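**Student:** One structure, pasted below without further comment.
Each reported figure results from applying straightforward, stated rules to the coordinates on display, with no laboratory input. Since this is a predicted model, take the numbers as computed values, not measurements. Cβ atoms come from the backbone with ideal geometry, glycine included; neighbour counts cover every protein chain shown.
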Amino acid sequence: MAFLRVALGVRRGLPGKIVVAMLLGGLLVLTACSESNRPELTFFNNTDSLICFYETEPVQGACPEVMPHSKVQFRGECSQSGEQPMVVVLTSAAEQREVYRRTASCQEWKESGTLIIERREDGFLITDSLPD
């Protein structure tokens, strides 16, 4: 705190504490505002397979994991308006192939961001809660 007071040119005492409290309060408000537009996606992997999830495109050599028989939450990156499109891509780690791709606005993902992953004889069945 002493460094902050010196950097701001604030003397010790009540005025300095008020300035520091105002700065910290402003920082908390900015953080809360930036987090409020980030949709939280929830993946339920009801399979024996490891699934990788990506925002936009798969990345070679990287696999943000949805472990078999698990629930994972992920926060997407969005603009303040919430109207920008966000692409969610799922791949099968073992087969290294895309099994799901869907684009919706950040606001739509925020309102309906649940994906259920199931295995069928011919591949994967991914059910999302987005409107059609």
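**Student:** Can Phe124 be described as within 16 Å of the chain's Cα centre (by Cα) and either closer than 12 Å to Phe43 by Cα or part of a strand (DSSP E or B) (or both)?
**Tutor:** No.
**Student:** Also, I was wondering about something else. Take the conditions charged (D, E, K, R), closer than 24 Å to Asp132 by Cα and in contact with a Leu (Cβ under 7 Å, 6 or more places away or on another chain) and apply them to Glu83. Does it pass?
**Tutor:** Considered against the rule, which asks whether it is charged (D, E, K, R), closer than 24 Å to Asp132 by Cα and in contact with a Leu (Cβ under 7 Å, 6 or more places away or on another chain), Glu83 comes out as no.
**Student:** Residues of the stretch 115-132 being exposed (fewer than 14 other Cβ atoms within 10 Å of the Cβ) and either free of Cβ contacts under 8 Å to residues at least 12 places away in the same chain or over 18 Å from Pro68 (Cβ atoms) (or both), which ones?
**Tutor:** Arg120, Glu121, Asp122, Ser129, Pro131, Asp132, listed by residue number.
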